[in-house]
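The values are calculated or read from the model by the stated rules, or taken from the named source; none is laboratory data. All figures in this text were calculated on a predicted structure; none of them were measured in a lab. Cβ coordinates were reconstructed from backbone atoms using ideal geometry, including for glycine residues, and neighbour counts include every protein chain displayed. These accessible areas exclude ligands, DNA and RNA; they are computed on the full protein's heavy atoms, side chains included. Shrake-Rupley method; radii C 1.70, N 1.55, O 1.52, S 1.80 Å.
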Amino acid sequence: MTYYAILISIPFAVFSAFLIHWFTIRAIPSAKARLELIRGVYLGFSFQILIFALLLFYLGRSVFLAPVFAVAFSFIGDWFNLQFPIAQKNNEDPIIGGIVGFIMAQFFYLSAFFQLVPISILYVGIVPYLISAGFVILPGVIFYFRVYNPKRPKPIMIAAFIYGLILCFFVSLTVNAYLLYGGYWIYLMLGGVFFLASDAIMGETTIHGERHPVWEYQVPWITYLIAQSFLLVGFFLLSHTLLH
């Protein structure tokens, strides 16, 4: 019961606090003006997710180490993506650092995933291959129509495309695992889908560089916080179910 109370209460508290924060900035009319105010707050939310991961590691011990590293690299990526002045001073466009941080995070999530289920078991029959192929093609389509901007630096465009491929492959794994096993795997699938939604929105706004709706940072961030929460809960429950 203690485990489940922690699993529910902490993400719910973070999500609720974000909604309250969003309500307080609703009158600020531009994404740029909001960014100047929210940097520290959003990095604080990211740190809360990192603390949540560390708490679950304490409860689950070594089987939960890879997701902790994933969230740690996510935290680093968040610092770059929030474009703090010190990051801008050392790098004209710190977004590239954010993308690299999240590429590393996805590699650790993949490592955690393959601790739970070997890829040879997951890919049986044609359906899993079709699902993964669809998800790998998806970022290419989204990238071409909604993210790619020839005016932006090439390293950012290349890194964003590579990251999209890795993320979509991970999401395809979570979908295949849920279709095969059901149960707690739904948390990983939901986490992956919310992660994909968050980064797709960020891709066509911040990464593209010329679209700046007033909610440019709020919608990606709330979906991102939900994604991280689902992934951490899913990995925790599955590691206790399958590895203990």
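Numbers below:
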| item | result |
| --- | --- |
| The range 122-152, subset surrounded by 13 or more Cβ atoms within 10 Å (Cβ to Cβ) and in a loop (DSSP other than H, G, I, E, B), residue nearest to the chain's Cα centre (by Cα) | Tyr148 |
| Residues located in the range 156-181, provided they are within 21 Å of the chain's Cα centre (by Cα), surrounded by fewer than 15 Cβ atoms within 10 Å (Cβ to Cβ) and touching a residue at least 40 places away in the same chain (Cβ under 8 Å) | Ile162 |
| Sole exception among (1) touching a residue at least 24 places away in the same chain (Cβ under 8 Å); (2) open to solvent by 50 Å² or more (accessible area, probe 1.4 Å); (3) touching a helix residue (DSSP H, G or I) at 6+ places or on another chain (Cβ under 6 Å); (4) not in a helix (DSSP H, G or I) for Tyr187, by number | (4) |
| Counted residues, the range 207-218 - those being open to solvent by less than 40 Å² (accessible area, probe 1.4 Å) and closer than 17 Å to Ile25 by Cβ | 4 |
| Among (1) open to solvent by 60 Å² or more (accessible area, probe 1.4 Å); (2) in contact (Cβ under 8 Å) with a residue 12 or more places away in the chain; (3) among the small types (Gly, Ala, Ser) - the single one Ser111 does not satisfy | (1) |
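This table checks each residue for (1) touching a residue at least 40 places away in the same chain (Cβ under 8 Å); (2) open to solvent by less than 60 Å² (accessible area, probe 1.4 Å).
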site	(1), (2)
Phe52	yes, yes
Phe57	no, no
Asn81	yes, yes
Gly101	no, yes
Val117	yes, yes
Ser120	no, no
